[in-house]
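The values are calculated or read from the model by the stated rules, or taken from the named source; none is laboratory data. The structure displayed is predicted, hence computed values, not measured ones. Virtual Cβ from ideal backbone geometry, glycine too; neighbours counted across all protein chains shown. Heads up: the accessible areas ignore ligands, DNA and RNA and are worked out on the full protein's heavy atoms, side chains in. Shrake-Rupley method; radii C 1.70, N 1.55, O 1.52, S 1.80 Å.
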There are 2 protein chains.
Amino acid sequence: MMIKHMNEIEPQELLNGEVLKRVFISKDEAPTFVMRLFTLQSNASTPLHSHPWEHEVFVVEGRLKVVCDNGETIVEKGHFVYVSPNELHQFVNVFEGPSSFICVVPKEGEV
Amino acid sequence: MMIKHMNEIEPQELLNGEVLKRVFISKDEAPTFVMRLFTLQSNASTPLHSHPWEHEVFVVEGRLKVVCDNGETIVEKGHFVYVSPNELHQFVNVFEGPSSFICVVPKEGEV
């Protein structure tokens, strides 16, 4: 068993620090999938992109706009987002503070 | 893409309603793994048990005691818990209100 608080995990800074990524267990240690926590600063966004693996997302704090082929949806704490393999997607922080979400991928999706 | 708030998902009542389980996407729909949200009423606990698949857990609210072979640890919002395959584990709510955590399993572990 391994137990860590998010604050004990050194974040990776992406997009000039606008996006922080914390990986709880490495893909080398994980048998199947990897859980990550992303934190977006206000107005930050992830790129609009797609890849062959799925995402399962749970929003922990803040307010985000989720963009996909078919439009946009606002999500907050308690929302779950399933992104299918190869589906275009983007997360935009529309909150006045940081927004955070858990994002789980199969281990081949953790790069 | 599928987006749902946890409150839109009818919970399964386990252990006489002391434990609520919300499954965001069924194992038939999920390519690799399944994300679930468990909510334990005050003093409720999951059984001390083990199984051949791993857990990746993120605590969303409350305060829980995590029991394993080697002892006990208290976790709160922001804690991550990795349970290895075949490792004994139990979650006990030690908060005065409900405690909730995300628990992800490979899809063969969602029964």
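Count charges around B:SER42 for me, please; just the other residues with Cβ under 13 Å from its Cβ, Lys/Arg as +1, Asp/Glu as -1.
-1
Every other copy gets compared here: list the nm distances from the A:GLU108 label point (7 Å along Cα to Cβ) to its counterparts, shortest first, one decimal.
Spacings between copies for this position, smallest first, are 1.7 nm.
Between A:GLU29 and A:SER42, what is the label-to-label distance in nm when each label sits 7 Å out along the Cα-to-Cβ direction?
Between A:GLU29 and A:SER42, the simple spin-label model gives 3.5 nm.
Average partner chain C-beta neighbours within 10 Å, per residue of B:1-11?
5
I'd like the projected area of the range B:10-109, averaged over all directions, using the convex hull of its alpha carbons. Report it in nm² with one decimal.
Values: hull surface 24.3 nm².
The Cα convex hull of the range B:10-109, projected and averaged over all directions, gives 6.1 nm².
Using a cut-off of 25 Å between alpha-carbon atoms, which lysines can reach A:LYS4, once sequence neighbours fewer than 8 places away in the same chain are excluded?
A:LYS21, A:LYS27, A:LYS77, A:LYS107, B:LYS21, B:LYS65, B:LYS77, B:LYS107
Once the whole set of protein chains is in place, how much accessible area is left on B:LYS4, using a 1.4 Å probe, in Å² to the nearest 10?
60
First obtain the Kirkwood hydrodynamic radius of the protein assembly as shown from its Cα pairs, then insert it into the Stokes-Einstein equation at 4 °C and 1.567 mPa s, and state the resulting D in µm² per second as a whole number.
In µm²/s, the coefficient rounds to 73.
In whole percent, and with a 1.4 Å probe on the protein chains, what portion of the accessible area of chain B is carbon and sulfur?
47
What's the center-to-center distance, using Cα atoms, between the range A:22-79 and the range B:93-110 in Å?
19
For the protein assembly as shown, what does the accessible surface come to per residue with a 1.4 Å probe? Please give it in Å².
Each residue of the protein assembly as shown exposes 44 Å² on average to a 1.4 Å probe.
Summarise the partner chain shielding of A:45-56 as one whole number: the mean count of Cβ atoms from other chains within 10 Å of each residue's Cβ.
Counting other chains' Cβ atoms within 10 Å and averaging over A:45-56 gives 2.
Arrange the residues B:THR32, B:THR39, B:THR73 by how much accessible surface each exposes, largest first, with a 1.4 angstrom probe.
Largest accessible area first, the residues go B:THR73, B:THR32, B:THR39.
If you take the accessible area of A alone, add that of B alone, and subtract the area of the pair, what total do you get in Å², probe 1.4 Å, to the nearest 100?
Buried surface at the A/B interface: approximately 3500 Å².
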